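What follows is a single structure, written as structure tokens, with notes after it.
The values are calculated or read from the model by the stated rules, or taken from the named source; none is laboratory data. This one's a predicted model, so the numbers in the text were calculated from it and none came from an experiment. Heads up, the Cβs are rebuilt from the backbone with ideal geometry, glycines too, and the neighbour counts pull from every protein chain shown. When the accessible area is computed, the model is the full protein with side chains, heavy atoms only, and any ligands, DNA or RNA have been set aside. Shrake-Rupley method; radii C 1.70, N 1.55, O 1.52, S 1.80 Å.
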Amino acid sequence: MKSAVEQLATYKSVHLNPTNIKTHFVGIPLIIWSAFLMINTIPINFLVLEDSGFVFNVAGLFAVGVLIYYVKLHVKLAIGLLLFILPVLYSSYLVSKLDSVWMIAIGIFVVGWVFQLIGHKYEKAKPAFIDDLNQLLIGPFFLMAEVYFMLGLESELDKEITPLAIEKRRSLTKLTAAN
């Protein structure tokens, strides 16, 4: 498994433009929320506590799996992602009960991807997942890292990944120019 530094540097190498990063702060949460909304429609519940309204279903199982992956990458960032995912799980579960759930999910999913694609027009680089599907999981991880960096947290991690990302970008630019 690639380290958090490797994963973040690869992702950041095509996310250096501030406008692109801003569009990702809108697009990625919309995509995540709509994906959880879709997953919440799978009619399998592993645990239901009627009195509390707590339901552990396929969406919860998926979230646990992804969070375990994030913990293996970087515990402190995983804590931030846990705080992000809990309201996503709860709100997407509530909305999944509506009749028009698929219209809502698809609409929000499309809007999220429009933001992503607009951002990459500013970046003038293809999305990271084109070359590595695992980068789809790194998008939220990257955004949480960016939040931490903005708050002055994990500055050593930022100092480690940014030069690597810039070097990776230079390599990508040289490859593109050669072709």
- [ ] Identify the residue in region 42-59 that is touching a helix residue (DSSP H, G or I) at 6+ places or on another chain (Cβ under 6 Å) and modelled with pLDDT of 80 or more and, among all such residues, is most open to solvent (accessible area, probe 1.4 Å).
- [x] 42
- [ ] Kindly indicate whether any position in region 5-19 is surrounded by 14 or more Cβ atoms within 10 Å (Cβ to Cβ), part of a helix (DSSP H, G or I) and among the hydroxyl-bearing types (Ser, Thr, Tyr).
- [x] yes
Open item on the list: Give me the residue from region 88-124 that is over 24 Å from residue 13 (Cα atoms) and among the polar types (S, T, N, Q) and, out of that set, surrounded by the most Cβ atoms within 10 Å (Cβ to Cβ).
Closed with: 92
Task: Scope region 121-136; condition assigned to a helix (DSSP H, G or I) and closer than 19 Å to residue 34 by Cβ; matching residues - done: 129, 135, 136
Open item on the list: List pairs: first residue in region 103-120 and closer than 18 Å to residue 92 by Cβ and modelled with pLDDT of 95 or more, second residue part of a helix (DSSP H, G or I) and open to solvent by 50 Å² or more (accessible area, probe 1.4 Å) anywhere in the structure, Cβ distance under 8 angstrom, at least six positions apart or on different chains.
Closed with: 108/30; 109/30; 111/30; 112/26; 112/30
Task: Residues within region 125-144 that are open to solvent by 20 Å² or more (accessible area, probe 1.4 Å) and among the polar types (S, T, N, Q), tallied - done: 1
